[in-house]
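The values are calculated or read from the model by the stated rules, or taken from the named source; none is laboratory data. Worth saying up front: this structure is predicted, and the values here are computed from it rather than measured. Because the Cβ atoms are built from the backbone with ideal geometry, glycine has one as well, and the counts that use them run over all protein chains shown.
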Amino acid sequence: MSNSAAFPDWHGTTILAVRKNGKTVVAGDGQVSMGQTVVKGTARKVRRLAGGRVIAGFAGSTADAFTLIERLEAKLEQYPQQLARACVDLAKDWRTDRYLRRLEAMLIVADEASIFTVTGVGDVLEPEHGVAAIGSGGNFALAAARALVDVESLDAEQVARKAMAIAAEICVYTNGELTVEAL
């Protein structure tokens, strides 16, 4: 039996990162669902790391995501001011380590200059257009942010908030209770 078959069908995350005009914002909704039931509406899925210089948002199993965030923090200590290298090293460990391979989560990691999506299959992806999203409502938030990012009158945080609101209107696993962190 696979790990996911042994546990309830947990859903409910949308994480969005937007970089515009030198400002980087990571936003995450607060909903956690089990099947058709909302279990919690105010979960905090976006965290500051490395003394506040890095922001990470997670989708997937909370315990798995916290394990990955702890590993990422260790990598950031090992490679200070080298976010890409820390993310690549984490992805290598995640893919090759027998324990880590079983973790079911994804991360968006950002600093002032970069945004990366990090996955358990070894991907460390830097998005085009300064926008990345993961989770149940990720594609909705990504599409909305891509449409809004070129609107001159909107800054990065306004783009993120509007895109997350659109995702919350479309995705039943996403709500409007946001955690927003900016650099």
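Points worth noting:
- Restricted to strands (runs of 3 or more DSSP E) entirely inside the range 74-165, those with at least 1 residues that are more than 16 Å from residue 56 (Cβ to Cβ) and within 13 Å of the chain's Cα centre (by Cα) are 131-135.
- Of all residues in the range 166-177, those satisfying the criterion of being crowded, with 19+ Cβ neighbours inside 10 Å, touching a helix residue (DSSP H, G or I) at 6+ places or on another chain (Cβ under 8 Å) and part of a loop (DSSP other than H, G, I, E, B) are 171, 174, 175.
- Residue list for the range 23-48, filter: modelled with pLDDT of 95 or more and not charged (D, E, K, R): 24, 25, 26, 27, 28, 46
- Single residue of the range 97-109 satisfying the filter (closer than 12 Å to residue 26 by Cβ and in contact with a Leu (Cβ under 7 Å, 6 or more places away or on another chain)) that is modelled with the lowest pLDDT: 107
- Flag if residue 17 is within 25 Å of residue 130 (Cα to Cα) and modelled with pLDDT under 90: no
- In the set 110, 63, 59, 84, only one residue is of a type outside the set (D, E, K, R) and either in contact with a helix residue (DSSP H, G or I) (Cβ under 6 Å, 6 or more places away or on another chain) or farther than 20 Å from residue 130 by Cα (or both); that residue is 63.
- The condition of being β-branched (Val, Ile, Thr) and over 27 Å from residue 34 (Cβ atoms) holds for only one of 149, 121, 172, that being 149.
- Every residue from the range 129-183 that is charged (D, E, K, R), over 12 Å from residue 17 (Cα atoms) and touching a strand residue (DSSP E or B) at 6+ places or on another chain (Cβ under 7 Å): 155
- For residue 65, the criteria (1) assigned to a helix (DSSP H, G or I); (2) of a type in the set (A, V, I, L, M); (3) buried (at least 18 other Cβ atoms within 10 Å of the Cβ); (4) at pLDDT 90 or above hold in every case but one, which is (4).
- Single residue of 146, 98, 161 found to be basic (Lys, Arg) and free of Cβ contacts under 8 Å to residues at least 12 places away in the same chain: 98
- The residues of the range 13-61 that are part of a helix (DSSP H, G or I) and surrounded by fewer than 16 Cβ atoms within 10 Å (Cβ to Cβ), listed by number, are 51, 52.
- In the range 48-64 there is at least one residue matching the filter, namely being among the hydroxyl-bearing types (Ser, Thr, Tyr) and either free of Cβ contacts under 8 Å to residues at least 24 places away in the same chain or more than 30 Å from residue 152 (Cα to Cα) (or both).
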